[in-house]
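Below you'll find the structure, written out as structure tokens, and then a few comments.
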């Protein structure tokens, strides 16, 4: 499984990128046919406190699963996105058990 973590509109520390990648790797334990995962960490310019967005795209055979959450920290946004994706992966796995 390939994991690509990108920082958009800001320069992220290596520690944040490594932590995000480590958390995303746990998706593979749910479904081992995940092809790749793209994570976009974005800093929104809206001036609000909750201006950190995590977009995660999970590519599975024949489909893409997507979640986007905006919160006060990238860690919280990533965790919320991963929680939504765990549900989506579970539903996909139930519908496509033979892959």
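Derivation of every value follows stated rules applied to the coordinates shown; laboratory data play no part. Computed from a predicted structure; not experimentally measured. Note that each Cβ is placed from the backbone with ideal geometry, even for glycine, and that neighbours are counted across all protein chains shown.
Just a few scattered comments:
- Relative to the dominant Cα principal axis of the chain, helix 14-25 is inclined by about 20°.
- Residue order, fewest to most surrounding Cβ atoms within 10 angstrom, among 10, 66, 74: 10, 66, 74
- All Cα pairs of the stretch 2-93, percent lying beyond 17 Å: 44 percent
- Cα-projected label distance for residue 72 with residue 21, points at 7 Å along beta-carbon direction, nm: 2.9 nm
- Order of 95, 86 - criterion: other Cβ atoms within 10 Å of each residue's Cβ, fewest first: 95, 86
- Quotient of Cα Rg and 2.2 N^0.38 Å for the stretch 23-77, N being how many residues it contains: 1.28
- Degrees separating the helix 74-95 axis from the principal Cα axis of the chain, which is the longest one: 20 degrees
- Full extension of the chain segment joining residue 57 with residue 4 gains 18.1 nm, where the gain is 0.36 nm per residue of separation less the Cα-Cα distance.
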